[in-house]
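Below is one structure, written out as structure tokens; comments come after it.
Since every read-out is calculated from the coordinates, none of them should be taken as a lab result. In this text the structure is predicted, and so the values were computed from the model without any measurement. Please note: Cβ atoms are built from the backbone with ideal geometry, for glycine as well, and neighbour counts cover all protein chains shown.
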Amino acid sequence: MDWPALRLSLVLAAATVALLLPPAVWLGRVLAYRRFPGRGLAEVLVALPLVLPPTVAGYALLLLFGTGSAFGRAAASVLGHPLAFSFEGLLLASVLVNVPFAVQPVQNSFAAVPRNVREAAAVSGMSPWRALLRVELPLAWPGIVVAAALTFAHTLGEFGVVLMVGGSIPGQTRTAAIALYDRVQAFDDRGAVLLAAVLLGVSLVALLLTNLLSRQVGRRTLHA
Amino acid sequence: MRDDAAAGDGLHVQLRSNGPVPLDLELRCAPGQVLALVGASGAGKTTALRCIAGLHRPGAGLVRCGGQTWLDTAAGIDLAPHRRAAGLVFQDYALFPHMTALANVIAGMGHLPRRERAKRACGLLSLVRLDGMEGRRPAELSGGQQQRVALARALARDPAVLLLDEPFSAVDRPTRRALQADLARLRRQLAIPVVLVTHDLDDTLLLADAVAVLDAGQVLQHGPPAEVARHPVSPRVAWLLGTEAPSPAPFPMQPQQTRQHARGRA
Amino acid sequence: MSLRRRSLLLAVPALLPGLAARAQGIGQDGPALVAAAADLQFVLEEIAARFRADTGLDVKLVFGSSGNLARQAEQGAPFQILMSADEGFVFRLAERGAARDRGALYAEGRIVVFAPLGSPLQVDERLDGLRAALDAGQVARFAIANPEHAPYGRAAEEALRSAGLWDRVQPRLVLGENIAQAMQFATTAGAQGGIVALSLARAPQTQGRGTFAVLPDTWHRPLLQRMALLRPAGAVAERFYAYMQAPAAREIMRRYGFVLPGEVQ
């Protein structure tokens, strides 16, 4: 059992959720409630990683992270080492690739809060901040949990982008999914099966949680 | 066109908008008075209420209430809804589904010190005859009860104007009678203007001190309900006042039918 | 950028590698990161274990196709040694300044034709069995490594061309991303056989999975396997580099079928 790889995957998934969730909650809410020019474009960009082939995303990120781009050079000077093939690069790639998984459930959840309930909050004298805390979040929190669960599970399973951007550096970028790939090539069936079982287990738990909470979102806002 | 003399503590509204719901009207309501807004669907009644509450911004307009200016497009003033002391009872109540009745009412008391809130909220629920229901969630309340919670919540913020959007349309007759009695009782106690949107002539006659008949965003006629009912300025007004269902097109009725209709109802 | 802001900016990413790499201690004084051609999959694990036992120092191994690994090294991957199955990749890195020097030859590789258990393919060093199987229409899939970036794949193609079988086999090919993956494909029931590295066929982990026969080294350009210390190399990497050329490591390499520099098969 490749414990370092599993631990790396868990750390990567947790860090991705921690970094991505707050801005995703903000963005999901903005997309749910505000009309502004360019909103359609914003939604398309948010959804893009869903349909983009992982290798395309991986290639684009490799170009971005490399020393050929200004961004890559700047990042390398701050970090002291290139962004590609490093944990930081992996984390950044993971955050970008998971945007739709984090934003869309939140957006749906906020949008499910009936408009007149939000208006009632404003008319009752609640400032936008108080309305968010006392009315919107208590009704929309299942969507936020779903976003966290999906992002976590998706990061654990991410393969194509991780392999291209991170390679398979043990302890730094060899995630559980890649370690599984390596175990298979090393004819280590036992190691491969163990990793596969763990990854499958986590995915199932995430899916179960998502399922339970998605039903809650509907139920909570139904009785207005 | 400004009229400072008539403003005082009451409500003074001027709204002009090109769409999607066209508006071109002026309304006044003194403290302690009930103004009924009557008209067909789409006439702009609900939109007018929403403009007063700050939920809708007209192309041009003026909303003054309780001595304060809430909206003045010419001067660039537009207070957000939570800064206007308007109490709005939504047509479908819009209670917070995750809160108890008591918590719903307390939600409107952000301006009071924490210690006083529960006590005052209980008092308001008592006022609307909901003693004992404080701990119930909206899902556990009947339509009439939910509406009374919504009313208590609207009153919770000590509003300068009370706005009611079709308060009786979704309940059955007996409940409606009870609610009308509640409102009649309450308006004597509240010294604020009350604007009531309805398409039912009964409510108008029973509760209102004045009625404004709206059609396509314009006030066709306003005055005491009995007078307007007896002397409609046009067949259209009579038709709008007497009808209980929305009209598909502004066809004027035959003069014969109009008189009979008005006589029957007045 | 003010000093305070810069240190704040550094603090954030500084936390992150701490989460992951700290335990591994990858760097100048920690375990050396060795990027190795996939044909070394098993032999290098054994040598690395010996190295740890003998010196108490640690190396971390990353396997892949030589071309892929060389590209990653060029792009800044933190490899300290590259052990390629083809000289050309090492020379390229040296020219670009990514390697310290032009490195050293550490072995010459050999290819074999392999047939998994239950396959109708008969293995022999002239590929007559393959020819017969092709005639009988028994070959649905034949696995080799990708000739574009895997040296063993290139050698397989050259051998097949030398035997006059390339055109017939080509539509049936399944390409492994590296020679280890090709070996994987060749041993699963999906493919009827393949051309793989001798070192992989000789490994204990693959024993009993099929039969193989060594192909003539005249059928392809020599698989001159070269290694070099790369720019990030530290003290541990240098020790391992030297260890690879010492008798203990050479003996292990010999057991896996490699021809060592200075020796004749």
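How high is the relative contact order of chain C? Use alpha-carbon pairs under 8 Å, at least six apart in sequence, and give a whole percent.
About 28 percent, as a whole number.
Tilt of helix A:3-33 relative to the longest C-alpha principal axis of chain A, in degrees (0 to 90, nearest 10)?
30
Between 0 and 90 degrees, rounded to the nearest ten: what's the tilt of helix A:99-111 against the longest Cα principal axis of chain A?
Result, in degrees: 10.
Hey, fewest Cβ within 10 Å first, where do B:His111, B:His199, B:His56 land in order?
B:His111, B:His56, B:His199
What percent do you get for the relative contact order of chain A when only Cα pairs under 8 Å and 6+ apart count?
31
For each of A:Val95, B:Val194, count neighbouring Cβ atoms within 10 Å of the residue's Cβ, then give the residues from fewest to most.
In increasing order of surrounding Cβ atoms, one gets A:Val95, B:Val194.
Indicate, rounded to the nearest 5 percent, the antiparallel portion of the DSSP beta bridges found entirely in the protein assembly as shown.
Roughly 55 percent of the DSSP beta bridges within the protein assembly as shown come out antiparallel.
Once all Cα-Cα distances of segment B:85-161 are split into 5 Å bins that start at 0, what whole-number percent is in each one?
3, 19, 32, 27, 14, 4, 0
Once you average over the residues of A:30-39, how many Cβ atoms of partner chains fall within 10 Å of each Cβ?
0
Suppose a student asked you for the relative contact order of segment B:95-158, using Cα pairs under 8 Å spaced at least 6 residues apart; what percent would you report?
51
If you take each beta carbon of peptide A:177-185 and count the beta carbons of other chains within 10 angstrom, what is the mean?
Taking the mean over all residues of the peptide, I get 3.
Mean Kyte-Doolittle hydropathy of 0.5 or higher plus an axial Cα length of 20 Å or more: which whole DSSP H helices in chain C meet both?
Helices passing the filter in chain C: C:3-24.
Relative to the longest principal axis of chain A, what angle (0 to 90°, nearest 10) does the C-alpha long axis of helix A:54-65 take?
So the helix axis and the longest Cα principal axis differ by about 80 degrees.
Taking loop as defined by DSSP and a crowding limit of 14 other beta carbons within 10 Å, which GluC sites (Glu not before Pro) in segment C:134-183 fit?
Passing both the DSSP loop test and the Cβ count: C:Glu148.
Dimensions of the protein assembly as shown along principal axes (Cα, Å, largest first)?
121, 66, 48
Would you mind putting C:233-244, A:116-127 in packing order, based on average other-beta-carbon counts within 10 Å, highest first?
For the peptides C:233-244, A:116-127, the packing ranking is A:116-127, C:233-244.
For a footprinting-style exposure proxy, rank A:Thr67, C:Thr218, B:Thr46 by other Cβ within 10 Å, fewest first.
C:Thr218, A:Thr67, B:Thr46
How much net charge surrounds B:Leu186 when only the other residues with a Cβ under 11 Å from the Cβ of B:Leu186 are counted, with Lys and Arg +1 and Asp and Glu -1?
Net charge in that neighbourhood comes out at +4.
Decide, for chain B, between rounded, prolate and oblate: order the square roots of the alpha carbon gyration tensor eigenvalues as a ≥ b ≥ c, take rounded if a/c falls under 1.5, and otherwise choose prolate if a/b is larger than b/c, else oblate.
It comes out oblate by the Cα gyration axes.
For C:Lys60, which sequence-distant residues (separation of 5 or more, or a different chain) have an amide H within less than 5 Å of its own amide H, given hydrogens modelled in the peptide plane?
Answer set, sorted by chain and number: C:Ala32, C:Leu33, C:Val34.
Return the sequence-ordered ³J(HN,Hα) values of segment A:198-204 in whole Hz as given by the Karplus equation 6.51 cos²θ - 1.76 cosθ + 1.60 applied to θ = phi - 60°, using x for Gly and Pro.
With the stated coefficients, segment A:198-204 comes to 5, 4, 5, x, 5, 4, 5 Hz.
What does the charge count around A:Leu12 come to, taking other residues whose C-beta lies under 13 Å from its C-beta (Lys +1, Arg +1, Asp -1, Glu -1)?
Value of the local net charge: 0.
Quick one: work out Rg over Rh on the C-alpha atoms of chain C, Rh as Kirkwood radius.
1.05
Other chains' Cβ within 10 Å of A:192-204 residues: what's the mean?
That average works out to 0.
Springs between alpha-carbon atoms under 10 Å, Gaussian network over chain A: tell me which of A:Gly28, A:Gly167, A:Gly80 tops the mean-square fluctuations.
A:Gly80
Largest first and to the nearest Å, give the Cα extent of segment C:109-219 along each principal axis.
Answer, in whole Å and largest first: 33, 29, 23 Å.
Compute the distance from the alpha-carbon center of segment A:47-89 to that of segment C:220-258, in whole Å.
Spelled out, the Cα-based centre of one part sits 32 Å from the other.
Restricting to bridges with both residues inside chain B, how much of the DSSP beta-bridge set is antiparallel, in percent to the nearest 5?
55
Compare C:Ala197, C:Ala115, C:Ala37 in a GNM of chain C, Cα atoms joined below 10 Å, and give the one with the largest fluctuation.
Highest fluctuation among the options: C:Ala115.
GNM on chain B, C-alpha springs below 10 Å: top fluctuator among B:Ala156, B:Ala139, B:Ala229?
Between B:Ala156, B:Ala139, B:Ala229, it is B:Ala139 that shows the largest mean-square fluctuation.
Assuming 1.567 mPa s and 4 °C, estimate D for segment A:3-222 with Stokes-Einstein, Rh taken as the Kirkwood radius over Cα pairs, in µm²/s.
Using the Kirkwood radius from Cα pairs, D works out to 69 µm²/s.
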